[in-house]
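S.K.: Got a structure for you, written out below as structure tokens; questions coming shortly.
The values are calculated or read from the model by the stated rules, or taken from the named source; none is laboratory data. Here the structure is a predicted model, which is why all the values come from computation and not from measurement. Glycine also receives a Cβ, built like all others from the backbone with ideal geometry; neighbour counts cover every protein chain displayed.
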């Protein structure tokens, strides 16, 4: 079988936020697996950066990802399917680039701080304050 080229694998440890965001923008494929946990920021950040995301086909991930539209969903308990899907994305990134672009557009439309999130919090606070 194929051997992993360890010169292409990097364990960075803790990186500054600015470096993390730059790395996310360079990523060809981001893998996000969760079961049965809640959604975490890393998925939203990867989508915001325009990365092609391969995520677990689980309820928290399906809350923001639609298979074949803004990412790729794979069964959580099928590591071979996950590996095959990641290999497909890495072998032909141009074919899947539109998924990352759609993911970014979805994140901007649904989570933009100035246009969506902050006004939503302001409305909530105004409602609670009466």
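S.K.: Is it the case that some residue within the range 25-40 is within 26 Å of residue 9 (Cα to Cα), out of contact with any helix residue (DSSP H, G or I) (no Cβ under 6 Å at 6 or more places or on another chain) and in a helix (DSSP H, G or I)?
M.R.: Yes: the range 25-40 contains one or more residues that are within 26 Å of residue 9 (Cα to Cα), out of contact with any helix residue (DSSP H, G or I) (no Cβ under 6 Å at 6 or more places or on another chain) and in a helix (DSSP H, G or I).
S.K.: Would you tally the residues in the range 10-47 being closer than 15 Å to residue 86 by Cα and exposed (fewer than 15 other Cβ atoms within 10 Å of the Cβ)?
M.R.: The number of residues fulfilling the criteria is 1.
S.K.: Take the residues in the range 59-75 that are part of a loop (DSSP other than H, G, I, E, B) and at pLDDT 95 or above, then tell me which one is farthest from the chain's Cα centre (by Cα).
M.R.: 75
S.K.: Do we have any residue at all in the range 48-63 that's in contact (Cβ under 8 Å) with a residue 24 or more places away in the chain and exposed (fewer than 12 other Cβ atoms within 10 Å of the Cβ)? Write out each step before concluding.
M.R.: Here is the first cut: in the range 48-63, the residues in contact (Cβ under 8 Å) with a residue 24 or more places away in the chain are 48-56, 58, 60-61, 63.
Subsequent filtering for residues that are exposed (fewer than 12 other Cβ atoms within 10 Å of the Cβ) retains 63.
Looking for residues that are in contact (Cβ under 8 Å) with a residue 24 or more places away in the chain and exposed (fewer than 12 other Cβ atoms within 10 Å of the Cβ), one finds at least one in the range 48-63, hence yes.
S.K.: Just to be sure, is residue 80 modelled with pLDDT of 95 or more, surrounded by fewer than 13 Cβ atoms within 10 Å (Cβ to Cβ) and either in contact with a strand residue (DSSP E or B) (Cβ under 6 Å, 6 or more places away or on another chain) or at negative phi (or both)? Break it down into steps so the answer makes sense when it comes.
M.R.: Numbers: modelled with pLDDT of 95 or more: yes; surrounded by fewer than 13 Cβ atoms within 10 Å (Cβ to Cβ): yes; either in contact with a strand residue (DSSP E or B) (Cβ under 6 Å, 6 or more places away or on another chain) or at negative phi (or both): yes.
Spelling it out, residue 80 is indeed modelled with pLDDT of 95 or more, surrounded by fewer than 13 Cβ atoms within 10 Å (Cβ to Cβ) and either in contact with a strand residue (DSSP E or B) (Cβ under 6 Å, 6 or more places away or on another chain) or at negative phi (or both).
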